[in-house]
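**Student:** Shown below is the structure under consideration.
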């Protein structure tokens, strides 16, 4: 399986880009979706979180209080390190299983922390959805209704724009409109189809 990693900072428009690839019948394995999925009630991850943080980390129905946990880890580095140590192996295991199940001509691994977590090692190609930092802040605040300070903290915890671009084989410019993404995705889809026919997979066994 030929794997294309797609990444970008918060508010860059990764989901919009991957939806366009899905229109071509391409399977998208989304690390954010998998990260949410491992937090099911009664699961290993949520049980450990409840034991560490108590009921503050849970909603009344027993599900994860994501807003509380997000604020907690961004203000307590030791808790963030603990959470990463807990969740990253579980997420990686699920990612690999999902990538192996994919049946499309190539598969997309969408992950906001693709560069930071070393997931580029799983990818034959890396595409970065690139936007200016100012636009990242504007889009994230509008989408999530969060204060600027929290957006800045999230951006500071992610790879820099320069580091992401340095890891890129392909750059998708999302500084304007979704309409501008369509021809870029079309061109890359044709490229990836061609490469997938001639390149052995990074995780082929």
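**Student:** Note the full-extension length gain between residue 100 and residue 85 as 0.36 nm times their separation in residues minus their Cα-Cα distance, in nm to one decimal.
**Tutor:** Gain on extension, residue 100 to residue 85, equals 3.0 nm.
**Student:** Right, here's the next one. Given only helices, namely DSSP H runs of n ≥ 4 each adding -39500 (n - 2.57), what is the per-residue ellipticity at 222 nm of the chain, to the nearest 500 deg cm²/dmol?
**Tutor:** -16500 deg cm²/dmol
**Student:** If you line up the long axis of helix 44-53 against the longest principal axis of the chain, both from Cα atoms, how many degrees apart are they, to the nearest 10?
**Tutor:** With rounding to tens, the tilt is 40 degrees.
**Student:** Right, something else. Which angle between 0 and 90 degrees, to the nearest 10, do you get for helix 148-157 versus the longest principal axis of the chain when only C-alpha atoms count?
**Tutor:** 70 degrees
**Student:** Using the Cα atoms of the range 43-127 to build a convex hull, what is its mean projected area in square nanometres?
**Tutor:** Hull-based average projected area comes out at 7.0 nm².
**Student:** While we're looking at this one, here's another question. Can you give the % of DSSP beta bridges in the range 3-196 that are antiparallel, to the nearest 5?
**Tutor:** Among the beta bridges of the range 3-196, antiparallel pairing accounts for roughly 5 percent.
**Student:** Multiply the residue gap between residue 156 and residue 75 by 0.36 nm, knock off their C-alpha separation, and tell me the result in nm, one decimal place.
**Tutor:** 27.9 nm is the gain from fully extending residue 156 to residue 75.
**Student:** Same structure, new question: Tell me the label-point distance for the pair residue 60, residue 40, using the 7 Å Cα-to-Cβ offset, in nm and rounded to one decimal.
**Tutor:** About 2.5 nm separates the two model spin labels.
**Student:** For the chain, with a Gaussian network of springs between Cα atoms less than 10 Å apart, report the residue from 187, 139, 125 with the top mean-square fluctuation.
**Tutor:** Top of the fluctuation ranking is 187.
**Student:** Multiply the residue gap between residue 199 and residue 68 by 0.36 nm, knock off their C-alpha separation, and tell me the result in nm, one decimal place. It would help to have the intermediate numbers written out before the result.
**Tutor:** Working: separation 131, 0.36 × 131 = 47.16 nm, distance 4.39 nm.
Net length gain for the segment: 42.8 nm.
**Student:** Nearest 0.05, what FRET efficiency do residue 170 and residue 149 give at R0 = 45 Å with Cβ-Cβ as r? Intermediate results must be reported in sequence, preceding the final value.
**Tutor:** Numbers: r = 33 Å, r/R0 = 0.73.
After rounding, the FRET efficiency stands at 0.85.
**Student:** Let me ask something else about it. Looking only at 18, 120, 87, which one moves most when the chain is put into a Gaussian network model with springs between Cα atoms under 10 Å?
**Tutor:** Comparing 18, 120, 87 in a Gaussian network model of the chain, the most mobile one is 87.
**Student:** Semi-axes of the chain's equivalent ellipsoid from the Cα gyration tensor, sqrt of 5 times each eigenvalue, largest first, rounded to whole Å?
**Tutor:** They are 30, 21, 14 Å, listed largest first.
**Student:** Considering the Cα positions of the range 98-205, please state its Rg to one decimal place and its Dmax as a whole number of Å.
**Tutor:** Looking at the range 98-205, its Cα Rg and Dmax stand at 15.7, 47 Å.
**Student:** Give the relative contact order (percent, whole number) for the chain; include only Cα pairs under 8 Å separated by 6+ residues.
**Tutor:** Value for the chain: 39 percent.
**Student:** So what's the angle, to the nearest 10 degrees on a 0 to 90 scale, between helix 66-75 and the longest Cα principal axis of the chain?
**Tutor:** The helix 66-75 is inclined about 90 degrees to the chain.
Throughout, read-outs are computed from the coordinates displayed, never taken from laboratory work. All values derive from a computational prediction rather than experimental measurement. We place every Cβ from the backbone using ideal geometry, glycine too, and count neighbours over all the protein chains shown.
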